[in-house]
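The values are calculated or read from the model by the stated rules, or taken from the named source; none is laboratory data. Quick caveat: nothing in here was measured; it's all calculated off a predicted structure. Cβ atoms come from the backbone with ideal geometry, glycine included; neighbour counts cover every protein chain shown.
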Amino acid sequence: MSTADALPCLALAGPTASGKTGAALALAERLAGRVAVEIVSVDSALVYRSMDIGTAKPSPAERAALPHHLIDIRQPWEPYSAAAFVQDATRLIAEIRARGALPLLVGGTMLYFKALIDGIDPMPAADPAVRQRIEAQAAQRGWPALHAELARIDPVTAARLAPADSQRIQRALEVWEVSGQPLSAFHTPEKRAANAGGISAGGLFSLEPDDRAWLHTRIAARFDTMLEQGFLEEVQRLRADPRNHSELPAMRCVGYRQAWQALDDQATRGGALDLPGLRERGIAATRQLAKRQITWLRAMPQRQRIACDQPGAQTALERAVCAQLEQAVP
């Protein structure tokens, strides 16, 4: 077996603001004498172009330091899914290993990690025309009414969705219209296993703080930095493109959704934008996202947890990764 064949596929996960980008770059530098590293982004927001500040996208200098993949591959109005990610990531992992480099998956979209490691249900492709028709119906009847319609055709899926969960209700109705089958029919272990990416993470490392207050402080500081860097101006530029609207998955990303609403409120009410209110809502939404991400991680028992708020966290990560590499490539 060649060294390239033996190289594992390593993954670095963690909640937002836990320091994944910096840790990944430092890890790549630490490994530079042994193996080249290429980063595969595992982030459902970084795929979108023109969304740089609000996603805390790696800087041009950081991206120039080593290859990054799955960043800026879609326009905000173009769909991207977990299934598309699995397909793209599986291809990239094989290509990176063929170059004799180490694929390092880095990000916080836990659904993508789970889909790649465990496999994903085969789903019908998105149909923009069907989505527009469903959105028009929702505008007339309201999402609770469409939730009731979903309960009639797919009670299993409807039971796990809130009546106002527009994005998931829309997708479930779309699947029904496109395929003639309920969404729940696709959620079976047999179908999921048959469509697994066939890639083992090899070593899933997770940056998780012991003290949640540490993470909350970093979230607030990062949101303030985003505002200082021109986040609102970035959202205004996105709003100026008629192809973007508030119901797009891209525009519903944490931070963007709150900024879009604040700008809508300003347009309706007139006067100055409620910046303190936007800051409060944006930070609260980001904290809720981090909480969900940590919940996902706790359901992944195979992960190696690194206490990212403790002294020596980077050293602990590097030692754990080197140990994993020693096992794969003695």
Quiz item: Which is surrounded by fewer than 14 Cβ atoms within 10 Å (Cβ to Cβ), within 23 Å of the chain's Cα centre (by Cα) and either within 30 Å of Arg168 (Cα to Cα) or not basic (Lys, Arg) (or both), of Arg281, Arg237, Arg222?
Solution: Arg237
Quiz item: Taking interchain pairs and intrachain pairs at least six residues apart, which have beta carbon atoms under 6 angstrom, with the first residue in region 60-77 and closer than 16 Å to Leu248 by Cβ and assigned by TED's automatic domain parsing to the domain that holds Ala23 and the second of a type outside the set (A, V, I, L, M) and in a loop (DSSP other than H, G, I, E, B)?
Solution: Arg74/Tyr80; Gln75/Arg49; Pro76/Asn244; Trp77/Arg243; Trp77/Asn244
Self-check item: Test for Ile120: is it within 25 Å of Glu247 (Cα to Cα), more than 22 Å from the chain's Cα centre (by Cα) and either without any contact (Cβ under 8 Å) to a residue 40 or more places away in the chain or surrounded by 16 or more Cβ atoms within 10 Å (Cβ to Cβ) (or both)
Solution: no
Quiz item: Condition test on Leu263, is it loosely packed, with under 13 Cβ neighbours inside 10 Å and modelled with pLDDT of 95 or more?
Solution: no
Quiz prompt | Test set (1) in a loop (DSSP other than H, G, I, E, B); (2) modelled with pLDDT of 95 or more; (3) not β-branched (Val, Ile, Thr) - Pro8 fails condition number | solution = (2)
Practice problem: Mind listing just one residue for me: the one in region 126-151 that is assigned to a loop (DSSP other than H, G, I, E, B) and touching a residue at least 40 places away in the same chain (Cβ under 8 Å) and, of those, nearest to the chain's Cα centre (by Cα)? | Solution: Ala126
Exercise. Please work out which residue is nearest to Leu325 (Cα to Cα), limiting yourself to region 74-123 and to residues that are in a loop (DSSP other than H, G, I, E, B) and among the aromatic types (Phe, Trp, Tyr).
Key: Tyr80
Quiz prompt | Filtered residues of region 26-61 (kept if of a type in the set (A, V, I, L, M), part of a loop (DSSP other than H, G, I, E, B), in contact with a strand residue (DSSP E or B) (Cβ under 7 Å, 6 or more places away or on another chain) and buried (at least 19 other Cβ atoms within 10 Å of the Cβ)) | solution = Val47
Quiz item: Of these, Thr90, Thr109, which one is in contact (Cβ under 8 Å) with a residue 40 or more places away in the chain and either among the small types (Gly, Ala, Ser) or within 24 Å of Ile306 (Cα to Cα) (or both)?
Solution: Thr109
Quiz item: Leu248 versus (1) assigned to a helix (DSSP H, G or I); (2) touching a Pro at 6+ places or on another chain (Cβ under 8 Å): which is the lone unmet condition?
Solution: (1)
Quiz item: Got a sec? Which of Leu248, Leu232, Leu238, Leu207 is outside the structural domain of Ala139 (by TED's automatic domain parsing), over 18 Å from Ala45 (Cα atoms) and in contact (Cβ under 8 Å) with a residue 24 or more places away in the chain?
Solution: Leu207
Quiz item: Hey, among the residues in region 315-330 that are under 15 Å from Leu27 (Cβ atoms) and small (Gly, Ala, Ser), which one's modelled with the lowest pLDDT?
Solution: Ala323
